[in-house]
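Colleague: Once you've had a glance at the structure underneath, I'll fire off some questions.
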Amino acid sequence: MTPRNDSNSRDRDLYDFMLYKFRSGDQRFIMDIFENDAFLGQSIKKAYRSRSDESLSYDELLSELYLYLAEDNWRRLEGFRGACDLVIWLRTIAANFFKTYFRNNNRRVEVVSLDDSNITDVDDSDTVHPPVERMRDIITAIISRWKSANYRDVIDCRILRGLSAAETAEAMHVDRSKSDNYFSIARNKLIKEISTINPDRYETR
């Protein structure tokens, strides 16, 4: 069986981790995503440069996007399926919001949630990978210290290599239920230990 090794499929589990951090209320992690140029920072800066109302500050635009995405426990971020690059998908949601926001005299408006498979008009000229690679480096550093080869392997397969659950079971030469059990335990272990890299910035709750 040929493993799925493209960057889009690898982003799926990293996205799940990011959404977990959003929903747990980790403000430092959330602001990293919103302010980092390789994630949403470029989108907010572009909106700031294109605004017609000079009274709108960068922080106000950032806050509007944050409030919009955070509504109903971040439900607008549930459409990611790994069909496109994670950051391009996030930036497209942000771009849609700002376009409609400005079109309606700077009033908060509803924008239809996107499924990433429907994204066609995207400015993808910016470099989008560093934060994803940074997450991957953090995960690699953590699992390298684990004694259990099964836990190391299942995280490597599912998160770092982007294999499916079935592909992971095949790669590990175990049945699917055992592989899923390893992943459940190892993922919880990873989430807890992520704080050891920088407890102030990547705290768990």
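The values are calculated or read from the model by the stated rules, or taken from the named source; none is laboratory data. The structure displayed is predicted, hence computed values, not measured ones. When the accessible area is computed, the model is the full protein with side chains, heavy atoms only, and any ligands, DNA or RNA have been set aside. Shrake-Rupley method; radii C 1.70, N 1.55, O 1.52, S 1.80 Å.
Colleague: For the full complex of protein chains and a 1.4 angstrom probe, list Phe183, Phe39 by accessible area with the highest value first.
Modeller: Phe183, Phe39
Colleague: Something else about it: At 1.4 Å probe size, put Glu60, Glu193 in order of accessible surface, largest to smallest.
Modeller: Glu60, Glu193
Colleague: Whole Å is fine, so just give me how far the alpha carbon centre of the range 32-58 lies from that of the range 143-165.
Modeller: 36 Å
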